[in-house]
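Comments concern the structure below.
The values are calculated or read from the model by the stated rules, or taken from the named source; none is laboratory data. The shown structure was predicted, so the numbers you read here are calculated from the model rather than taken from an experiment. Positions of Cβ are backbone-derived with ideal geometry, glycine not excepted, and every protein chain shown enters the neighbour counts.
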Amino acid sequence: MKKDNCIFCKIANGEIPSTSIYEDDYFKVILDLGPATKGHALILPKDHAADLFELPEDTAAKAMVLAKKLGKQMVENLKADGMNLVQNNGEAAGQTVQHFHLHLIPRYKDDNQHILWNPGEVSKEEMEEIKNTIQQK
Ligand code: AMP
Ligand code: ZN
């Protein structure tokens, strides 16, 4: 199902043009308009889901299988040195388009990109507390 006024629904279903590198019944994969690196692509499901938590399980599974297949092809053909998969959920996590998308970001030695975080610190007690919070019913 498509959602009105969703730009990625429109792109995934061909109502707005894009540079598509792959398409099947479930997904369209497009080149990102603001690429982090050469070949940065987005896997877009054709049916609307705002984020990973709304995405049906079988579509989530298919997206990861596609990322593996297409990612390998991209790394080989673009002669990349690695690849980051990035998937943001919620504004706090950096999601700017509220239609699930999985970033495929080819990485090149010295590409000067920073898809990293600043490591923090955590005590054993805090880890135990966090574990219990996550696991609570
Ligand atoms: P996120 O921050 O995870 O929501 O990522 C959204 C991504 O979509 C960004 O990398 C944008 O550059 C990209 N983007 C937004 N609009 C378009 C568009 N019309 N075509 C291709 N990529 C887009
Ligand atoms: Zn949508």
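General observations
- Scoring Leu78 on the criteria (1) within 16 Å of ligand 1 (Cβ to nearest atom); (2) closer than 19 Å to Gly34 by Cα; (3) at pLDDT 95 or above leaves a single failure, condition (1).
- Condition check for Phe8: surrounded by 15 or more Cβ atoms within 10 Å (Cβ to Cβ), of a type in the set (Phe, Trp, Tyr) and not in a strand (DSSP E or B): yes
- Some residue of segment 83-98 being assigned to a loop (DSSP other than H, G, I, E, B), of a type in the set (Val, Ile, Thr) and surrounded by fewer than 10 Cβ atoms within 10 Å (Cβ to Cβ): yes
A quick yes/no check of all residues on (1) within 14 Å of ligand 1 (Cβ to nearest atom); (2) in contact with a Gly (Cβ under 7 Å, 6 or more places away or on another chain); (3) part of a loop (DSSP other than H, G, I, E, B):
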| site | (1), (2), (3) |
| --- | --- |
| Ile30 | yes, no, no |
| Pro35 | yes, no, yes |
| Gly39 | yes, no, yes |
| Ile43 | yes, no, no |
| Ala49 | yes, no, yes |
| Phe53 | no, no, yes |
| Asp58 | no, no, no |
| Lys62 | no, no, no |
| Leu66 | no, no, no |
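- Cβ pairs under 7 Å, 6+ apart, first in segment 15-40 and of a type in the set (S, T, N, Q), second more than 10 Å from ligand 1 (Cβ to nearest atom): Ser20/Lys28; Ser20/Val29; Thr37/Pro106; Thr37/Arg107; Thr37/Tyr108; Thr37/Asp111; Thr37/Gln113
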